Every structure is written in C-alpha cells, then in structure tokens.
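K.L.:
Could you have a look at this structure, given as structure tokens, before my questions?
The values are calculated or read from the model by the stated rules, or taken from the named source; none is laboratory data. The structure presented is a predicted model; accordingly, all values stated were derived computationally and were not measured. For neighbour counting, all protein chains shown are included, and Cβ atoms are generated from backbone atoms with ideal geometry for every residue, glycine included.
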Amino acid sequence: MAAESGKIDPMHQFLVEPLFGTDHLALGGYNIAFTNSALWMVISALALWAFMLMGMKRAVVPGRWQMAVETMTGFVDSLLMANVGEKGKKFVPYVFSLFMFILLGNLLGLMPLGIVGVHPFTFTSHFTVTGVLAILSFAIVLIVGFWKHGFHFFSLFIPHGTPAVMIPVIFPIELVSFMVRPFSLGLRLFVAMTAGHVLLKVLAGFVINASNAGPAYGVTVGFASFVLMIGISALEMLVAAVQAYVFALLTSVYINDAVNLH
Amino acid sequence: MDAEAAKLIGAGLAAIGAGMAALGVGNVFASFLEGALRNPGAADGQQGRLFIGFAAAELLGLLAFVIAMILVFVA
C-alpha cells in the first residue's frame with residue numbers, strides 16, 4: 001500500500017526542468033538553462049501583453065474587451081489612490097504589471113491542461129521567483145524613500161509621539177519589522193500557492209489510489225475526494241486572485257510609507 | 001525516539017499552527033462582517049484594511065505549513 005501511494009508524488013509538480021536541450025547553457029559560470037518555469041513566465045507575460053493590446057483601441061464607447069482592461073487598470077488605480085493618494089499615480093504601471101503578472105501566473109498554473117498533455121507550471125510556487133518580485137518592490141520602496149526624504153527616511157522607524165525614553169526600544173523593533181517585509185511578502189505568495197497545489201495533488205492521489213483499490217473504495221473514498229477537489233479548485237482560484245491582490249495591496253502600503261513617511 | 005519519527009510528529013504538530021491561523025482568519029472576516037452590517041456605508045472604504053488583516057493572520061498559518069514542509073522534505 002505504501003509503495004502504491006508513493007507513486008503519486010505531490011511535490012513532483014514543482015520540479016524545475018530545463019527545456020529544449022538548453023540544460024548546459026552557461027553564462028559566466030552560471031547555468032542559464034531555459035526552464036519550464038521561465039517558459040510559463042514568458043507565457044504569462046505574452047498573455048498579459050495580448051490582454052492589454054486587444055483592449056487599448058481607445059474607443060469612445062468601449063467594447064467588452066476594453067471594458068475588461070479598463071476595469072483592471074481602474075482597480076489598481078483606485079487601490080493606489082486609496083493607499084498612497086495623488087502621488088501614487090506614478091506607481092500605477094509598476095503595481096499593475098506586478099498584479100497582473102502574478103494573477104496570470106497563479107491562474108495559468110491552475111489550468112487543467114494536463115488533460116491534453118501540457119503540464120502547466122506555477123512559477124509563483126517558487127520562492128526564488130516570488131522573492132525576486134518582493135525584493136523588486138522593497139528596492140523601489142528604499143530608492144523612493146531615500147530619494148525623496150534622504151536620511152529623514154529613518155524617521156519612519158520612530159512613530160509620531162514616541163516618548164524619548166522609548167526610542168532605543170522602538171527603533172530596533174520597527175527596523176526589524178521593516179526589514180522582514182520582503183521575506184513575508186515573498187513567502188506568503190509562495191507558500192499559499194505551494195500549499196494549494198500540494199493539497200490538490202494529494203486529493204487527486206486519493207481518487208486514483210481509491211479507484212485502483214476496487215469499486216467499493218472508488219465510490220466511497222474516491223468520489224468523496226473528487227467532489228472535495230472540485231470545491232478546493234474553486235477555492236484555489238479565489239486564493240490565486242486574493243494572493244495577487246494582497247501582494248499588490250501590501251506593495252502599495254509599503255510605497256505609501258516611502259512616499260508619505262508616517 | 002527515532003529521529004525520523006520525531007520529524008514526522010513535529011510536522012504533524014505544525015498543523016496545529018495552521019488550525020490556529022484558521023481561527024485568526026475567520027475572526028478577521030467575522031469581525032469585518034459584524035461591523036459592516038452595522039454600518040454598511042463605511043464597509044467599502046475598509047476593504048484594504050480587511051485584506052491587510054487577513055494577510056497578517058494568514059501568514060502565520062502559512063509559516064506553520066513551511067515548518068511542516070521543511071521537517072518532512074528538508075531536515
């Protein structure tokens with residue numbers, strides 16, 4: 001029984017594999033093979049590009065597609081307006097690209113393309129990818145903060161009205177909470193996506209193993225797991241959207257700190 | 001105790017953290033709904049804060065999941 005269930009490895013879907021025979025491609029001693037992760041990033045970027053291109057006809061009376069694009073841009077625009085204010089307009093292109101890239105990556109990874117033999121790869125389920133996106137956001141916060149306020153940016157770590165005696169205590173706490181932001185930002189997206197995909201694969205393993213164990217198990221355990229999988233799949237689509245939104249929201253909250261201080 | 005067994009027990013115990021985070025996330029949304037039904041006019045303006053609270057509560061549960069994964073697959 002143990003060997004049988006061992007056949008379905010829920011972690012196999014996260015394996016990064018070089019494609020198109022590029023596994024020994026190197027640049028300056030580093031392997032730069034074109035992997036399935038990179039392929040799905042390219043697909044996400046192309047999908048985003050196509051989505052925008054078809055909706056940017058600037059018709060006075062927008063069609064359905066233009067309406068969809070305007071809803072998404074308007075959503076990010078109002079997000080930054082609510083969190084940063086008028087000065088946040090400059091960051092709309094960055095936050096919009098980030099939000100749409102993560103959203104498309106999450107959703108494309110959930111596509112049931114395995115039926116036709118294509119195995120979608122969720123690149124947001126890797127900390128290397130989400131970590132770099134988080135560092136990008138964090139770098140923008142640091143650059144904007146120091147550019148606009150110089151060393152006055154450090155006043156971010158001392159909230160208004162802090163008694164002088166408390167400053168030596170508050171400053172390190174605020175500094176640490178500031179420095180863990182890129183980690184928590186990247187980790188949240190990566191773990192949420194990983195956990196969801198592992199859960200779906202474990203349930204899929206239940207369905208297959210129960211069906212193999214005979215009709216009685218197939219109907220009771222297998223069918224129940226299958227119904228649960230449908231529900232979890234719907235939940236995962238919600239999580240995919242919520243995590244992309246949370247990433248964009250926290251990025252705009254951090255940008256607000258850099259632009260407006262406290 | 002066998003080290004392998006201890007690892008798996010630890011991974012199982014980490015699931016308690018995930019359950020606690022479920023309480024936290026439920027509490028965030030429950031409190032939001034409670035407030036939103038009392039004053040629906042102010043509800044829309046607080047959605048950003050709702051999701052910040054959700055993200056903070058959820059992160060701790062996800063950390064518990066990371067601990068479990070590290071114990072099972074890495075350690």
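K.L.:
Is it true that A:ALA195 is at pLDDT 90 or above, assigned to a helix (DSSP H, G or I) and closer than 21 Å to A:PHE14 by Cα?
P.N.:
Working: at pLDDT 90 or above: no; assigned to a helix (DSSP H, G or I): yes; closer than 21 Å to A:PHE14 by Cα: yes.
The answer is no for A:ALA195.
K.L.:
For A:HIS152, only one of the following conditions fails: (1) within 14 Å of chain B (Cβ to nearest Cβ); (2) within 30 Å of A:GLU86 (Cβ to Cβ). What is its number?
P.N.:
Of the numbered conditions (1) within 14 Å of chain B (Cβ to nearest Cβ); (2) within 30 Å of A:GLU86 (Cβ to Cβ), the odd one out for A:HIS152 is (1).
K.L.:
Have a look at A:ALA258, A:ALA234, A:ALA248, A:ALA210 and point out the one that is among the hydrophobic types (A, V, I, L, M, F, W, C) and touching a His at 6+ places or on another chain (Cβ under 9 Å).
P.N.:
Details: A:ALA234 fails: touching a His at 6+ places or on another chain (Cβ under 9 Å); A:ALA248 fails: touching a His at 6+ places or on another chain (Cβ under 9 Å); A:ALA210 fails: touching a His at 6+ places or on another chain (Cβ under 9 Å).
Going through A:ALA258, A:ALA234, A:ALA248, A:ALA210 in turn, the sole match is A:ALA258.
K.L.:
Considering only residues that are more than 10 Å from B:LYS7 (Cα to Cα) and either more than 10 Å from chain A (Cβ to nearest Cβ) or not in a helix (DSSP H, G or I) (or both), which ones fall in the stretch B:61-75?
P.N.:
Once the filter is applied, which keeps residues that are more than 10 Å from B:LYS7 (Cα to Cα) and either more than 10 Å from chain A (Cβ to nearest Cβ) or not in a helix (DSSP H, G or I) (or both), the stretch B:61-75 yields B:ILE67, B:VAL74.
K.L.:
Also, quick follow-up: Starting from the stretch A:40-69, keep only residues that are more than 30 Å from A:PRO18 (Cα to Cα), then list their pairs with residues that are not in a helix (DSSP H, G or I) and not small (Gly, Ala, Ser) whose Cβ atoms are within a distance under 7 Å, requiring at least 6 positions of separation or different chains.
P.N.:
A:GLN66/A:LYS57; A:VAL69/A:MET56
K.L.:
Could you tell me which residue of the stretch A:28-50 is nearest to the chain's Cα centre (by Cα), considering only residues that are modelled with pLDDT of 90 or more and not aliphatic (A, V, I, L, M)?
P.N.:
Filtering the stretch A:28-50 for residues that are modelled with pLDDT of 90 or more and not aliphatic (A, V, I, L, M), the one nearest to the chain's Cα centre (by Cα) comes out as A:SER44.
K.L.:
Do we have any residue at all in the stretch A:131-151 that's within 19 Å of A:LYS90 (Cβ to Cβ), in contact with a helix residue (DSSP H, G or I) (Cβ under 9 Å, 6 or more places away or on another chain), in contact (Cβ under 8 Å) with a residue 12 or more places away in the chain and among the polar types (S, T, N, Q)?
P.N.:
Yes: one or more hits.
K.L.:
Give the residues of the stretch A:20-44 that are assigned to a helix (DSSP H, G or I) and touching a Phe, Trp or Tyr at 6+ places or on another chain (Cβ under 7 Å), sorted by residue number.
P.N.:
Once the filter is applied, which keeps residues that are assigned to a helix (DSSP H, G or I) and touching a Phe, Trp or Tyr at 6+ places or on another chain (Cβ under 7 Å), the stretch A:20-44 yields A:ASN36, A:SER37, A:TRP40, A:MET41, A:SER44.
K.L.:
In addition: Can you name every residue in the stretch B:22-52 that is more than 11 Å from chain A (Cβ to nearest Cβ) and small (Gly, Ala, Ser)?
P.N.:
The answer is B:ALA22, B:GLY24, B:GLY26, B:ALA30, B:SER31, B:GLY35, B:ALA36, B:GLY41, B:ALA42, B:ALA43.
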